[in-house]
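J.: Quick one: structure below, then a few questions.
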Amino acid sequence: MIRMKWYHFKEPTRGPRFLLRNLQSALRQRLWDKTGHFIGCPLLFCGLLFGLIPAGLGAQPALHLQSGGEQYDLSPYLEYLEDADKRLSISEITGPPYSAQFKPLQSGVPNFGVTESAIWLRFRIQNDDLYKDWLLLLDFLHIDKADLYCVDRSGNWTVTKSGDSVSIPDRAIKDRNIVYKIEGRQQCSVYYMRFEMQGTMSLPLEVISMNSYLKHVAEQNLFLGVYVGILLCLLLYNLFIFFFLKDSSYLLYIIYLFFLILAMTINYGLGLEYLWPRSLEFHEKSLNYTVPWLLIFLIAFTRNVLNLKGDLPLADILLKVIQVIQFLVFLSVFPNSIANGLLLTWFSLIIVFMALYIIALVSFFKGNTLARYYLLAWTLFFIGTIIIILRNFALIPVSFISEYSIAIGSAAEHILLSLVLAKRVQDYKEQSEQYSKELAKSRLSALQNRMSPHFLFNTLNTIYSMLTRDVGRAKSVTMQLAHNYHFLTDLALNPLIAFDEEWTFLENYLAIMKERFHDRVEIITHKEGAFDAVLIPPVTIQPIAENFFKHGMAIKAHPASGKLANEPQQLSIHARAIQDGARITVMDSGHGMPGEVDYSRTLGNIKERLAYNFKTVELSIENNEPTGVKVAVSYYDRKEP
């Protein structure tokens, strides 16, 4: 008869593996008794009957780690068991009846979608290459619990815990990836893994050599570094532009981009590795906290940049409602489970993306040129998001593209969105320039129209009166009048003209006014410096001089000035060239500023037109001593056209 040697182990190390090993040893030594009769079949039958040999073990072949190999996909070697109640222990799972209930995977990467069950995997590894360090890699970061049980040939088992429930400093291999070390040859042949996840569960397992894993991590870090670097550069670039332009679109985009960077660092494990390595409870819900705010500011940015309030008011109201809903989603994260929060988060992403895409399409067909670039940007991000959602719901396999699709799509999207903002600024600048030109033209036309009727009527009266006294002077005034109206017709609508042209127009105007007022006014003009390269907006100096004739001259005795109507008054205009501009001083000895409102309106128009073309503009008005008004205008440092 067979003699079996029993080895005693502390629970839970005793189990069917231990009994099977001793049974196999006994069979090898005494398969036949001394009489030559075969007694193995009854014994094997009894072993199967009482569960000493797990019936399901060995349904899948063992993975042999051979020399020359670097990386092995573990999927073809896996068997799985679903633990709906999450109550089974390793001792129960390795014995009857559960050991026989493991099923081989059909094909592809194990992807169980959204499940609240615990998933057990079983596989065997035979390490035939003792010169390499081998690792077991779970290439999916978002697993709450991922425990590896190593069962040796004696029935002993050890456990290595990992997943989001274990902080990185407490892991056996301190890395954001879920990775385990494979023991040496024949140290461990059977492995069990237990997984829990409050969300989508995808289990792409592979065995990889240490060198290949280090290369894999380096490539992963390089990709994530480039990706996060691109987003940070875009954030800083747009922040820099915001400080200069003070455009609310840039501010909303910057906040949205900040929450996107935060969400991506969480999604790719960088938050747990670098930002909050021991805050596991916060990390579990961190994505649920971040995404609602991301969507709130994304919607605000879209409403602003596409001008939905003015172009599509109903769409703007709809997006406001969605913003309120997203805030309620954020509040619901606190009482809800992580699984419910994740489902709500992904559902919100789908709804918001579809709404924004449809609204952008409508805006595009209504003629919004910015919507074209916005649609292209969102198409790229939308494709990446759809891919990762399909992966999370086990509709497509896990791969590099499905793992990083949202990163690739979002990087391309934000480059294009920055171009959208740049295009918006360009359009705004062109509209502003066009508006300023139209404004300048309208104000200039107003000045011309204001001057034309009265000035023409009074000048014609002067010429008529001179025809009986001095025909030569009448001809001279007529030529000066013709020159000025030629100026107003041909040159006054230009943004800038030569300073000498403006000065000639001023002198002709003053000569005509001198003929009107004769000895009642004394006019002095003087230029100092070289004005060959100096430009000036047309009709800049003449309106200041005109204010003197309208408001400053004494028509009758004035108590403040003490001047009588027949006393001569002085008007002095001095111009001095400075850099590429000039300093113009206009002084008179009239009443002062009884028409201060008219002065302010005239000077405001002049200053605005100067500031449109020159970087430095100074304008002042004050009472002259002892009487009159002094106006000083300085401008230089021309802007680039």
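The values are calculated or read from the model by the stated rules, or taken from the named source; none is laboratory data. Keep in mind the model is a prediction, meaning the values are calculated, not measured. A quick note on method: Cβ atoms are made from the backbone with ideal geometry, for glycine too, and the neighbour counts reach across all protein chains shown. These area figures cover heavy atoms from the full protein model, side chains too; ligands, DNA and RNA do not enter into them. Shrake-Rupley method; radii C 1.70, N 1.55, O 1.52, S 1.80 Å.
J.: Using a/c under 1.5 as the rounded threshold, could you call segment 194-327 rounded, prolate or oblate? The axes a ≥ b ≥ c are square roots of the C-alpha gyration tensor eigenvalues, and prolate needs a/b larger than b/c, oblate otherwise. It would help to have the intermediate numbers written out before the result.
T.: Working: a/c = 2.76, a/b = 1.72, b/c = 1.61.
Prolate shape, in that a/c is at least 1.5 and a/b is the bigger ratio.
J.: For the ranges 231-239, 403-411, 147-155, what's the packing order if you count other beta-carbon atoms within 10 Å of each residue, average per peptide, and put the highest first?
T.: The densest-packed peptide leads the list: 403-411, 147-155, 231-239.
J.: For a test of the definition: using alpha carbon positions, the gyration tensor, and the 1.5 limit on a/c, classify segment 172-232 as rounded, prolate or oblate.
T.: In terms of gyration-tensor shape, oblate.
J.: With all protein chains present and a 1.4 Å probe, how do THR158, THR525 order by accessible area, largest first?
T.: If we order THR158, THR525 from most to least accessible, we get THR158, THR525.
J.: Report the full-extension gain for the segment ASP85 to ASP500: residue separation times 0.36 nm, less the Cα-Cα distance, to one decimal in nm.
T.: 139.9 nm
J.: Just reorder ARG469, ARG87 by solvent-accessible area, largest first, 1.4 Å probe, all chains present.
T.: From most accessible down to least: ARG87, ARG469.
J.: Return the subset of LYS366/LYS429; LYS132/LYS161; LYS103/LYS132; LYS246/LYS630; LYS366/LYS615; LYS429/LYS630 for which the Cα-Cα distance in this structure is over 27 Å, preserving the input order. Write down the numbers at each step before the final one.
T.: Values: LYS366/LYS429 22 Å; LYS132/LYS161 23 Å; LYS103/LYS132 31 Å; LYS246/LYS630 37 Å; LYS366/LYS615 39 Å; LYS429/LYS630 36 Å.
Correct reply: LYS103/LYS132; LYS246/LYS630; LYS366/LYS615; LYS429/LYS630.
J.: Which trypsin sites (Lys or Arg not before Pro) does segment 257-364 hold that lie in a coil by DSSP with at most 15 other beta carbons within 10 Å?
T.: Numbers: sites: ARG278, LYS285, ARG303, LYS309, LYS320; in loops: ARG278.
Answer in residue order: ARG278.
J.: Checking the a/c ratio against 1.5 first, then a/b against b/c, what shape does the Cα gyration tensor give for segment 72-159?
T.: Values: a/c = 1.63, a/b = 1.19, b/c = 1.37.
Verdict is oblate for segment 72-159.
J.: Would you list, by chain and number, the aspartates and glutamates whose Cα falls below 20 Å from the Cα of LYS86, excluding same-chain residues fewer than 8 positions away?
T.: GLU116, ASP144, ASP147, ASP164, GLU196, GLU284
J.: Report the net charge of residues surrounding GLY310, where surrounding means a beta-carbon distance below 13 angstrom and charges are Lys +1, Arg +1, Asp -1, Glu -1. It would help to have the intermediate numbers written out before the result.
T.: Numbers: positive: ARG303, LYS309, LYS366; negative: ASP311, ASP316.
Result for the neighbourhood of GLY310: +1.
J.: Could you check the simple spin-label distance between LEU491 and ASN221, using points 7 Å along Cα→Cβ, in nm with one decimal?
T.: Label at LEU491, label at ASN221, 7.1 nm between them.
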